[in-house]
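Read through the structure below, which is laid out as structure tokens, and then see the notes.
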Amino acid sequence: MLRSHLTSKRPFAKNALPGDSWSALGWFLSGALLAVACGGRQSPAGPVEDGQSFADAVRLICTVDARLDPAVREDPLALSQARWDRIREEVTNADGIYLRTVLEAEPPARQLSLLSAEAARVGLGTCPLAVALGAADDP
């Protein structure tokens, strides 16, 4: 009996696999089910934590320079420190905190691209901090 299954062109159990019995409609429906189950999974705008959404956190990060003391803007090191201190104080959304942590660890060119992408993703037209980082990175 085992020998007949090994030499047979059919699987062990008859109709164990869909094979030729699946119609075009069956394939379409299974594909549609798969698309519904897996497709369209975009990260949501994010839960509001402590009254702050991810979009709010990105907006706060992007506009941080507008809320800094003008005297700090003269010294690049003091400006950078003041920016990150203010962002640490204001951003309370967990995804925003994660973004801040990633941004702090990256060089300015990478900060620019990450911040621009996140600002675009949440619907901000421009991100003043990204523009400032780009200007500071240019020789």
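The values are calculated or read from the model by the stated rules, or taken from the named source; none is laboratory data. This is a predicted model, so every value here is computed, not measured. All Cβ positions, glycine included, derive from the backbone under ideal geometry; neighbour counts span all protein chains shown.
Of all residues in region 56-89, those that are in contact with a Lys or Arg (Cβ under 8 Å, 6 or more places away or on another chain), acidic (D, E) and over 11 Å from L129 (Cβ atoms) total 0.
Here the condition is being in a helix (DSSP H, G or I) and modelled with pLDDT under 95; of L99, L25, L17, L124, it holds for L25 alone.
Residues that are β-branched (V, I, T), surrounded by fewer than 19 Cβ atoms within 10 Å (Cβ to Cβ), more than 17 Å from R67 (Cα to Cα) and touching a residue at least 24 places away in the same chain (Cβ under 8 Å): does region 115-124 have at least one? Yes, some residue in region 115-124 is β-branched (V, I, T), surrounded by fewer than 19 Cβ atoms within 10 Å (Cβ to Cβ), more than 17 Å from R67 (Cα to Cα) and touching a residue at least 24 places away in the same chain (Cβ under 8 Å). All of (1) loosely packed, with under 10 Cβ neighbours inside 10 Å; (2) at pLDDT below 90 hold for A66 with one exception: (2). Residues of region 68-96 that are in contact with a helix residue (DSSP H, G or I) (Cβ under 8 Å, 6 or more places away or on another chain) and either outside any helix (DSSP H, G or I) or on the phi > 0 side of the Ramachandran plot (or both): L68, D69, V91, T92, N93. Of Q42, Q52, all but one fail to be closer than 14 Å to I87 by Cα and either modelled with pLDDT of 85 or more or exposed (fewer than 13 other Cβ atoms within 10 Å of the Cβ) (or both); the exception is Q52.
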